[in-house]
Amino acid sequence: MNLPDYEPSKDKKRWVSYFDLLGFVEFVQKHQLVEVFSETLYCLREQKINARLIGRVKCAWFSDTFLFYSPDDSRRSFQEIDHASRWFFDWLVEQQMPARGAMAFGDFYPDKVNNIFLGKALADAAKCGEKYNWLGFVLHRSALKQMIAVGQPCSKSYKQWKAEYKNRKTNKIETEKVVAYLIPDLNSLKTMASYTDHKRHGRKYKNAIQFVKHFATSNRSSRSPC
């Protein structure tokens, strides 16, 4: 077996968006493999459509994780990956597929041929995306810092919010300020929330709905998140 060589040209600073489907383990346990395959393929098809339609955005997938990544560190690349990420997240919510994720910036090495994806940007996006107890899409501090560096202002689609998370050291529920995408489809969130009878999952929906409802008025919506 020939192992792939390291290719320096692939090692760049990039924007990386990470999405994780919630409840995927339970779904796999309760459904036949053909149903799991169909559900995953459904998401993958939409992801690839988004990447193909929006500039130079690339995408990758493994299990219940979906990635978008940019070719470089530019402002244009942020705009393209941001568009693709929000579009994909909107679609997931509309299809009532619970997910959470984040965008980070930094070193990222993608090798699609050998299915190798490595780098701090991916690690930061995954850790940030899975941290908060809700359905949401967050801009990691590395992304916010690079946005300032390239002169990219925060869109009104993002809002600053105190998101809930579980402190793994103290085992207590705490909150911290994040800049998160404001989900436009409140009705789908409510519908998903009505389907779950699991207390822990129900709290995720409750937190996401509270976030969206808070910015329902025009005065609150006009505030800059950054």
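Name, by its number, the condition in (1) surrounded by 17 or more Cβ atoms within 10 Å (Cβ to Cβ); (2) of a type outside the set (A, V, I, L, M); (3) out of contact with any Pro (no Cβ under 8 Å at 6 or more places or on another chain) that does not hold for N115.
All conditions pass for N115, except number (1).
Going residue by residue through segment 132-151, is there one that turns out to be of a type in the set (A, V, I, L, M), assigned to a loop (DSSP other than H, G, I, E, B), modelled with pLDDT of 95 or more and surrounded by fewer than 21 Cβ atoms within 10 Å (Cβ to Cβ)?
Yes.
Scan (1) surrounded by 12 or more Cβ atoms within 10 Å (Cβ to Cβ); (2) at pLDDT 85 or above; (3) farther than 27 Å from H201 by Cα for the single condition G55 breaks and write down its number.
Among (1) surrounded by 12 or more Cβ atoms within 10 Å (Cβ to Cβ); (2) at pLDDT 85 or above; (3) farther than 27 Å from H201 by Cα, G55 violates only (2).
Among the residues of segment 118-131 satisfying the criterion of being of a type in the set (G, A, S) and under 18 Å from P71 (Cβ atoms), which is surrounded by the most Cβ atoms within 10 Å (Cβ to Cβ)?
Ranking the qualifying residues of segment 118-131, first place goes to A125.
Considering only segment 58-85, how many residues are assigned to a helix (DSSP H, G or I), under 13 Å from the mean Cα position of the chain (by Cα) and either modelled with pLDDT of 95 or more or buried (at least 23 other Cβ atoms within 10 Å of the Cβ) (or both)?
So the count comes out to 4.
Give me the pairs, please: first residue somewhere in segment 182-198 and at pLDDT 90 or above, second residue anywhere and of a type in the set (K, R), beta-carbon distance under 9 Å, and either six or more positions apart or on two chains.
Taking only residues 6 or more apart or on different chains, the pairs are L182/K156; L182/K159; L186/K213.
Of the residues E176, E164, only one is part of a strand (DSSP E or B), at pLDDT 90 or above, of a type in the set (D, E) and under 24 Å from G106 (Cα atoms); which?
Working: E164 fails: under 24 Å from G106 (Cα atoms).
The conditions single out E176.
Under 8 Å by Cβ, and 6 or more places apart or on different chains, what pairs join a residue from segment 147-172 that is on the phi > 0 side of the Ramachandran plot with one that is modelled with pLDDT of 90 or more and surrounded by fewer than 17 Cβ atoms within 10 Å (Cβ to Cβ)?
If the second residue must be modelled with pLDDT of 90 or more and surrounded by fewer than 17 Cβ atoms within 10 Å (Cβ to Cβ), the pairs left are G151/R75.
Are any residues in segment 65-94 out of contact with any strand residue (DSSP E or B) (no Cβ under 8 Å at 6 or more places or on another chain) and free of Cβ contacts under 8 Å to residues at least 60 places away in the same chain, and if so, which ones?
Result: R76, E80, H83, W87, W91.
State which residue is surrounded by the most Cβ atoms within 10 Å (Cβ to Cβ) when the search covers only segment 210-226 and only residues that are touching a Phe, Trp or Tyr at 6+ places or on another chain (Cβ under 9 Å) and modelled with pLDDT of 90 or more.
Residue satisfying both the conditions and the ranking: F211.
The values are calculated or read from the model by the stated rules, or taken from the named source; none is laboratory data. Computed from a predicted model, the values in this text were never measured in an experiment. Every residue, glycine among them, receives a Cβ derived from its backbone with ideal geometry; neighbour counts consider all protein chains shown.
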